[in-house]
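Right, one structure below, let's go through it.
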Amino acid sequence: MSSWARPLFALALAAIACGANAQAAKFPGIGRDATSAEVKAWDIDVRPDFHGLPPGSGSVARGQQVWEDKCASCHGVFGESNSVFNPLVGGTTRADIEKGRVANLQRPDYPGRTTMMKLPTLSTLWDYINRAMPWNQPKSLSVEEVYAVTAYMLNLADVVPADFTLSDRNIAQVQQRLPNRNGMSSAHAMWPGKELRGTVKPDVTGSACMKDCAVEPRVASLLPPHARNAHGNLAEQNRGVGPQRGADTRAAGAAPAVASAAPADGGVSTLLQKNNCTACHAAGQRIIGPSWAEVAQRHAGKADYLAGKIRGGSSGVWGNVPMPPQALDEAAARQVADWLANGAK
């Protein structure tokens, strides 16, 4: 660092420190500095210039395998999706790839807008898959699998050929073939803005916040005791990011189990908690999926069938929300299936 830059750098640090102190003084007793582990856990974003993109690669062929195993139950084999989720691929042409603008977005009569039609930055797609997919196990894909799934989607949209391998070294070149790379506007307005004779009303019209806030928050309502544990112990359902944990909603006097997210008996309840089955299923009532009791009643004695559905996923049996394939090994899936087939008791 040059000699003239050092004072400026020190001044900038002092300004940041003063800002932090001012913030602490403004809200005494609220918040604390994030630990390095907490910052590292959340610092996974990939920016439009691909800053933050980890090194790695993945082929279209590998992406198809991952897709069919973990994505197709919700998004269809070819990105056409189902009645719950919007189509991911379609509506783009080779002319769009050349121009960088999707012509069908200008057509009011076009039946739908797919993800690939609207996507202006490839980093957004990579980042979203990396942090949020599959929805039942976010952040479970390896870096290579994220590259591969991204490559497979790009191939479905004819952006890259079938023998292509996407990597951190060539992703910037692929960005230059994204069908709607020139379609993003910084003139923010409620869709469709000035196009299609639409409104130009801004998306956000709010003024400065953190003004006239309540001095002391007051709890206005609480779940009644009989409902606190309706969907299982919340403390056991929160992901372990930092020290934050959910409230222990078990009945007063119940044996403590917060230190471990699952019982130590190694039984079915352990598997259900460990694999987040309880996020969608409960013992005697429907949440997102059917209750254990309903499954046990309909498929009594069908352990083989249930084990296959657990590992392969299912859709259309209990409603429109599909169950993605679960990442249980064969023995664990069989254990849960046997439990269901024998009455879920």
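The values are calculated or read from the model by the stated rules, or taken from the named source; none is laboratory data. On a predicted model such as this, the values are computed, not experimentally measured, just so you know. Counting neighbours? That spans all protein chains shown, and the Cβs are built from the backbone with ideal geometry, glycine included. Ligands, DNA and RNA are excluded from the accessible area calculation, which covers all protein heavy atoms including side chains. Shrake-Rupley method; radii C 1.70, N 1.55, O 1.52, S 1.80 Å.
Summary of values
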| read-out | value |
| --- | --- |
| Residue within segment 134-150 that is at pLDDT below 95 and open to solvent by 70 Å² or more (accessible area, probe 1.4 Å) present | yes |
| Helices (runs of 4 or more DSSP H) (entirely within segment 92-146) containing at least 1 residues that are aromatic (Phe, Trp, Tyr) and either under 22 Å from LEU166 (Cα atoms) or not assigned by the TED database to the domain that holds PRO322 (or both) | 122-132 |
| Segment 83-138 - residue that is charged (D, E, K, R) and either in contact with a strand residue (DSSP E or B) (Cβ under 6 Å, 6 or more places away or on another chain) or touching a residue at least 60 places away in the same chain (Cβ under 8 Å) (or both) and, of those, nearest to PRO48 (Cα to Cα) | ASP127 |
| Test result for ARG181, more than 20 Å from SER57 (Cβ to Cβ) and modelled with pLDDT of 95 or more | yes |
| Filter result for GLY316 (surrounded by fewer than 16 Cβ atoms within 10 Å (Cβ to Cβ), small (Gly, Ala, Ser) and within 25 Å of the chain's Cα centre (by Cα)) | yes |
| Condition met for VAL295 (surrounded by 15 or more Cβ atoms within 10 Å (Cβ to Cβ) and within 16 Å of TRP135 (Cα to Cα)) | no |
| Qualifying residue in segment 31-44 (condition: over 17 Å from PRO138 (Cα atoms), open to solvent by 90 Å² or more (accessible area, probe 1.4 Å), in contact (Cβ under 8 Å) with a residue 60 or more places away in the chain and aromatic (Phe, Trp, Tyr)) | no |
